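Have a look at the structure below, then the notes.
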Amino acid sequence: MRGMYTAGVLDCLSDWGLKFPLVASTSSSALIGSYFISEQRGQIYEAYNYLADNYRIISFKRMITHKELFRMDLLFQLVPEKAAPFDFRAFTESGVKLLISTTDILTGSAVYHDAFPSPEILFTLVRASSSLPVLAPSVAFEGKLLVDGGVADPIPIKPSIERGYRRNVVILTRNRGYIKKPSCLGWVYRRLFRQYPELIKLLKNRHEIYNRTTQDIQKMDMDRDVFLICPEKPLIAGRMERNKQVLEELYMQGYKEMQQKKEALRSFLLGQESEKT
């Protein structure tokens, strides 16, 4: 539920009328970014609060019967259809390109998607990018089995740079100085994914990939090659946070911290615009 911080940041940007030519996303930001592009300000906030009241979403029994803690099929039915009806027409007519990263469990490679001819395909890929191994099953798409994009590429800035965007705004939900620790679930990975050695290798080394990527991002921020937005203090919520007061605090933290960076962001965008070379 740390995505509520991101929702606050993006709603602040929406209130300023700020748009970007490309939104690169992974994990929960794929869903949040979709609503940012469709200009449905406040809808992610409403969706998260709706889900906090829906106890069917998380099921420990389902972990045994279906090998998923989150009912991903129900989650991605409720959000775009009921909790926060998605405006696919506004999304497609926005002129903004969405990039979603996923991880191929067979090869261990990052797979990037930027074509969404229907809402069904869009939310299939949003679901895939949000399907963290162990907590959710892989998603089949075009002959591949896909999981959370953050496994192979935790911060998908590279494909944005490769597409010619010289300056990028990066939103993280971890504070500066955060160091991801090695996972203690190695034995679980080996048991569940023994058919996918490349995925096991990625999961085992995920902390190293993340820490190396964030170090690179922070250096780029110091060099003013990116504008980094991240919590000034550690977020107080975990992955399964359902306390609405905590969710409200996360949202407001993101919104207020973005407000404080308005002039700095304005200077960055006016001085070194995020345009293609």
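With +1 assigned to the C-beta of every Lys and Arg and -1 to the C-beta of every Asp and Glu, and no other charges, what is the dipole magnitude of the chain about the Cα centre in debye, to the nearest 20?
1000 debye
What fraction of the DSSP beta bridges in the range 2-262 is antiparallel, stated in percent and rounded to the nearest 5?
Approximately 60 percent, going by the DSSP bridge assignments.
Roughly speaking, what is the centre-to-centre gap between the range 162-182 and the range 22-59 when only Cα atoms are used, to the nearest Å?
Rounded to whole Å, the Cα centres lie 20 Å apart.
Using the Cα gyration tensor of the range 153-277, with a ≥ b ≥ c the square roots of its eigenvalues, what is the shape: rounded (a/c below 1.5), prolate (a/b larger than b/c) or oblate (neither)?
Taking the square roots of the gyration eigenvalues as a ≥ b ≥ c, the range 153-277 is oblate.
How would you order 186-199, 86-99, 141-154, 16-29 from highest to lowest mean count of nearby Cβ atoms within 10 Å?
Working: 186-199: 14.4, 86-99: 16.1, 141-154: 21.2, 16-29: 19.6.
Result, highest mean first: 141-154, 16-29, 86-99, 186-199.
Where q = 0.27 Å⁻¹, what log10 of I(q)/I(0) comes from the Debye formula for the range 118-180, counting one point per Cα?
Summing over Cα pairs of the range 118-180 leads to -1.13.
So, counting K/R as plus one and D/E as minus one, what does the shell of residues with Cβ under 13 Å around V151 add up to?
Every neighbour counted, the sum reads -1.
Kindly provide the GluC sites (Glu not before Pro) of the range 221-250 that DSSP labels as loop, not H, G, I, E or B, and whose Cβ sees at most 13 other Cβ atoms within 10 Å.
Sites meeting the loop and neighbour criteria: E232.
What is the sum of charges around A90, taking Lys and Arg as +1, Asp and Glu as -1, for the other residues whose C-beta is under 14 Å from the C-beta of A90? It would help to have the intermediate numbers written out before the result.
Details: positive: K19, R41, R89; negative: E39, D87, E93.
Overall, the nearby charge balance is 0.
Work through the residues other than R174 whose Cβ is under 10 Å from its Cβ and net out their charges, Lys, Arg +1 and Asp, Glu -1.
Result for the neighbourhood of R174: +3.
Taken together, the values in this text are just the output of simple stated rules run on the coordinates, not laboratory data. Remember, it's a predicted structure, so these values are computed and weren't measured experimentally. So basically every Cβ, Gly included, is an ideal-geometry build from the backbone, and we count neighbours across all protein chains shown.
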